[in-house]
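To keep things clear, I will list the structure first and then write my remarks on it.
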């Protein structure tokens, strides 16, 4: 079940990436996979989630980065841990320019969000 929870987290990020990359013929929820698809952005997204340690959002990277949040490989990641891990991994994702703001203790610091939104990176 541990790897299933990490796959769920990958699915969230893949879903977001597929919906927001523009221009792209696979953007949006109406897109359907085609066995002959050679679209560069689609293939790049697949490579980012491959089961290889070098893939930025692989289960390997999620698990290893989770260790910096005090979660051993094989341990369940709660929502906050996942958010912190994705925030850290996104710093190394130069292609999609996504950034994460993780609100702690139900507190949203508006200046921090504004600062993130005014950079060249996308925001989630």
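Brief remarks on what is shown
- Residue-span extension gain [residue 47 to residue 103] - 0.36 nm each, minus C-alpha spacing: 17.2 nm
- Normalised by the number of residues in the stretch 40-120, the average gap of Cα pairs under 8 Å and 6 or more apart makes the relative contact order 16 percent.
- With the simple spin-label model, which puts each label point 7 Å out from Cα in the Cβ direction, the residue 110 to residue 80 separation comes to 2.5 nm.
- Of every Cα-Cα pair in the stretch 40-120, the percent that sits beyond 21 Å: 36
Read the figures in this text as sums done on the coordinates, not as results from a lab. Computed from a predicted model, the values in this text were never measured in an experiment. Cβ sites come from the backbone with ideal geometry, for glycine too, and all protein chains shown count toward neighbours.
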